[in-house]
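A.B. asks: Sharing a structure with you now.
Nothing in this text is a laboratory measurement; each read-out follows from the coordinates by a stated rule. Because the structure is a prediction, the values reported are computed rather than measured. Cβ atoms come from the backbone with ideal geometry, glycine included; neighbour counts cover every protein chain shown.
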Amino acid sequence: AQSVTQPDIHITVSEGASLELRCNYSYGATPYLFWYVQSPGQGLQLLLKYFSGDTLVQGIKGFEAEFKRSQSSFNLRKPSVHWSDAAEYFCAVGSSNQGGKLIFGQGTELSVKP
Amino acid sequence: KAGVTQTPRYLIKTRGQQVTLSCSPISGHRSVSWYQQTPGQGLQFLFEYFSETQRNKGNFPGRFSGRQFSNSRSEMNVSTLELGDSALYLCASSLDSLVNGYTFGSGTRLTVV
């Protein structure tokens with residue numbers, strides 16, 4: 001069965017520091033991978049997605065993610081965090097034969113220290 | 001370009017009642033998916049509609065149902081509400097599939113008392 005694991009429930013980083021949020025997935029075929037961000041009381045905003053091709057994907061707001069098939073990982077990174085990045089981040093996996101169904105991880109809450 | 005619109009934003013219902021939530025997708029989008037978000041279970045897929053047909057369904061009881069109209073607007077209905085149905089219900093739309101990405105609405109916060 002498909003699954004997504006985000007090992008870190010909560011991460012705190014200082015403003016200006018680098019960030020890496022971990023995501024591991026379990027899926028038999030080539031997955032479609034996504035990172036979404038959610039601010040309190042809001043819906044989800046797509047940061048980036050990976051289907052195929054270059055394993056380093058650039059997204060919005062200065063985020064990037066790297067697909068590593070051998071490690072079944074799709075970690076999200078940002079070189080310098082801003083206070084406005086504080087939010088909850090979700091990794092999700094889908095497949096071409098599952099229509100629009102996404103399996104989400106439990107999320108990682110990011111706090112940013114001034 | 002208007003985003004995904006969900007109405008109402010907030011709803012309070014009593015156990016045993018039923019509720020209907022509405023989702024207007026981005027213009028031109030034909031696929032609409034619904035998710036339930038709770039602190040305990042996280043984000044869980046309810047169902048997806050494409051061109052008025054249910055294309056996929058999650059593991060929820062039959063009390064949860066949905067439909068899509070010819071203009072791609074979608075509704076989901078929950079009958080015989082239980083306290084555990086209290087959640088944020090999110091709708092997402094796409095042109096047709098995951099390849100084009102799904103845009104989420106702000107959700108409907110349902111509280112069952």
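A.B. asks: Which lysines have a Cα lying under 19 Å from the Cα of residue A:49, excluding residues fewer than 8 positions away in the same chain?
C.D. replies: Within the straight-line cut-off, residue A:49 pairs with A:61, A:68, A:78, A:101.
A.B. asks: Right, another one. Determine the relative contact order of chain A: mean sequence separation of Cα pairs under 8 Å and six or more apart, normalised by residue count, in whole percent. Before the final figure, lay out the partial values.
C.D. replies: Numbers: 280 pairs, mean separation 42.5, N = 114.
Rounded, it is 37 percent for chain A.
A.B. asks: Which residues' amide hydrogens lie under 5 Å from the amide hydrogen of residue A:17, considering only partners 5 or more residues apart or on another chain, with H built in the peptide plane?
C.D. replies: Long-range HN contacts for residue A:17: A:81.
A.B. asks: With a Förster radius of 35 Å, plug the Cβ-Cβ distance of residue B:51 and residue B:15 into 1/(1 + (r/R0)^6) and report the FRET value to the nearest 0.05. Display every interim value, and only then the final one.
C.D. replies: Working: r = 35 Å, r/R0 = 1.01.
With R0 = 35 Å, the Cβ-Cβ based efficiency is 0.50.
A.B. asks: Can you work out D for region A:31-95 in µm² s⁻¹ from Stokes-Einstein, where Rh is the Kirkwood radius over C-alpha pairs, the temperature is 10 °C and the viscosity is 1.306 mPa s? Don't jump to the answer; show the numbers that get you there.
C.D. replies: Values: Rh = 12.3 Å.
Reported coefficient: 129 µm²/s.
A.B. asks: Can you classify chain A as rounded, prolate or oblate using the Cα gyration tensor, where a ≥ b ≥ c are the square roots of its eigenvalues, rounded means a/c under 1.5, and otherwise it's prolate if a/b beats b/c and oblate if not?
C.D. replies: Because a/c hits 1.5 or more and a/b exceeds b/c, chain A counts as prolate.
A.B. asks: On to the next question. Could you pull out every residue, at least 5 positions away or on a different chain, whose amide H is within less than 5 Å of the one on residue A:23? Hs are placed 1.01 Å off N in the peptide plane, and Pro or chain starts have none.
C.D. replies: A:74, A:75, A:76
A.B. asks: Test of understanding: express the Cα radius of gyration of region A:9-66 as a ratio to 2.2 N^0.38 Å, with N the residue count.
C.D. replies: Details: Rg = 13.1 Å, N = 58, 2.2 N^0.38 = 10.3 Å.
Its radius of gyration relative to the 2.2 N^0.38 Å reference: 1.27.
A.B. asks: Hey, another quick one. Kirkwood-based Rg over Rh for the protein assembly as shown (C-alpha set), two decimals? Don't skip to the answer; put the middle values down first.
C.D. replies: Details: Rg = 17.4 Å, Rh = 18.0 Å.
Rg/Rh: 0.97.
A.B. asks: Mind checking which of B:56, B:77, B:100 has the largest fluctuation in a GNM of chain B, springs on alpha carbons under 10 Å?
C.D. replies: Among B:56, B:77, B:100, the largest mean-square fluctuation in the Gaussian network model of chain B belongs to B:100.
A.B. asks: With equal scatterers on the alpha carbons only and no solvent term, can you work out the Debye log10 of I(q)/I(0) for chain B at 0.10, 0.22 1/Å?
C.D. replies: Computed log10 I(q)/I(0) values: -0.25, -1.22.
A.B. asks: Okay, moving on. About its Cα centre, what dipole magnitude does chain A give when the only charges are +1 on Lys and Arg Cβ and -1 on Asp and Glu Cβ, stated in debye to the nearest 20?
C.D. replies: Dipole magnitude for chain A comes out near 220 debye.
A.B. asks: If you take every residue apart from residue B:51 with its C-beta less than 14 Å away from the C-beta of residue B:51, what net charge results, scoring Lys and Arg +1 and Asp and Glu -1? Before the final figure, lay out each step's value.
C.D. replies: On the way: positive: B:30, B:55, B:67, B:73; negative: B:48, B:52, B:96.
Value of the local net charge: +1.
A.B. asks: Using alpha-carbon pairs under 8 Å, 6+ residues apart, how would you state the relative contact order of chain B in percent? Numbers along the way, then the final one.
C.D. replies: Details: 289 pairs, mean separation 41.3, N = 113.
This gives 37 percent for chain B.
A.B. asks: If the elastic network links every pair of Cα atoms under 10 Å, which of A:65, A:87, A:29 fluctuates the most in the Gaussian network model of chain A?
C.D. replies: Top of the fluctuation ranking is A:29.
A.B. asks: Also: Could I have the simple spin-label model distance between residue A:42 and residue A:82, label points 7 Å from Cα toward Cβ, reported in nm to one decimal?
C.D. replies: With each label point 7 Å from Cα toward Cβ, the separation is 1.2 nm.
A.B. asks: Here is a follow-up. Label residue A:15 and residue A:113 with points 7 Å out from Cα along Cα→Cβ: what is the distance between them in nm?
C.D. replies: 1.4 nm
A.B. asks: Work out the charge dipole of the protein assembly as shown with +1 on the Cβ of Lys and Arg and -1 on the Cβ of Asp and Glu about the Cα centre, then indicate which of B:41, B:26, A:13 is farthest towards its positive end.
C.D. replies: B:26
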